[in-house]
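Visitor: The structure follows.
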């Protein structure tokens, strides 16, 4: 047994393995919940670590957020690569979101402000099959948000937003669909910012909460900045959307 907790609303202790089998979670997803994430205060100062599992359980009533990142990649036509999360994901399964969303781990390669891009490289290859370079990604801003996925799991994150643009011909839907990790990503598509904003208005439940927040408040600015990344000026203010 990896872990157990009391299901909200009653006194039945449920094993995590049983819970994940109910959610159709595969072994790799189960193992990932042993990973140590970086616990921070609301000013992004590291205060310790927390298991990925505990970081996402509502019943833990976490006082502090954990560090995360969200990647927004554009193609040569200025269309954003979106991913539909796998049905095996514990939080927000089958929701559409930005290119990649994950967490840096609490190790010497990923646990500082200056080396979080190493985590970006790792997850881009793991989820989407893309081997990318550190120089592709530009830090745009950090946000703080909290959102529940159901009555068991939530996200409480201090999220680093990275922008990037790929001009290569291979960066297209046909190629990307052939290399994605199906345990992580169900589908992908390339869409313009205008299309995304209109679709969010029409079908808000189709998208992850952090993606909706970022697009509604920063979508147009992100599109503009993605067209001139070499002159992008990192915005130091942490936006609190809680």
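Computed from the coordinates by the stated procedures, all read-outs in this text should not be read as laboratory data. Since the structure is predicted, the reported quantities are computational estimates derived from the model, not experimental observations. With ideal geometry, Cβ positions are generated from the backbone for all residues, glycine too; neighbour counts draw on all protein chains shown.
Visitor: In nm, give the distance between the simple-model label positions of residue 63 and residue 122, each being 7 Å from the Cα along the Cα-to-Cβ direction.
Guide: 2.8
Visitor: Can you give the angle from 0 to 90° between the axis of helix 117-128 and the longest principal axis of the chain, with both taken from C-alpha atoms, to the nearest 10?
Guide: That works out to roughly 90 degrees.
Visitor: If you don't mind, another one. At q = 0.17 Å⁻¹, work out log10 I(q)/I(0) for the stretch 37-240 with the Debye formula, treating every Cα as an identical point scatterer and leaving solvent out; two decimals please.
Guide: The computed values of log10 I(q)/I(0) come out as -1.25.
Visitor: I'd like to compare 166-174, 189-197: which one has the highest average count of other Cβ atoms within 10 Å, and what's the full order after that?
Guide: By packing density, highest mean first, the sequence is 189-197, 166-174.
Visitor: In addition: Can you give the relative contact order of the chain as a percent, counting alpha carbon pairs under 8 Å and 6+ residues apart?
Guide: Rounded, it is 21 percent for the chain.
Visitor: Calculate the length of the line joining the C-alpha centroid of the stretch 112-130 to that of the stretch 26-51, in whole Å.
Guide: Value for the Cα centre distance between the two parts: 15 Å.
Visitor: While we're here: Report, in degrees rounded to the nearest 10, the 0 to 90 angle that the Cα long axis of helix 209-226 makes with the longest principal axis of the chain.
Guide: That helix lies at roughly 20 degrees to the long axis.
Visitor: Let me ask something else about it. For helix 193-202, report the angle its Cα long axis makes with the longest principal axis of the Cα atoms of the chain; keep it between 0 and 90° and round to the nearest 10°.
Guide: In the chain, helix 193-202 runs at an angle near 40 degrees to the longest axis.
Visitor: Report relative contact order for the stretch 116-242 in percent, whole number only (criteria: Cα-Cα under 8 Å, sequence separation at least 6).
Guide: So the answer I get is 33 percent.
Visitor: If you rank 67, 46 by fewest surrounding Cβ atoms within 10 Å, what's the result?
Guide: Ordered from fewest to most neighbouring Cβ atoms within 10 Å, 67, 46 come out as 46, 67.
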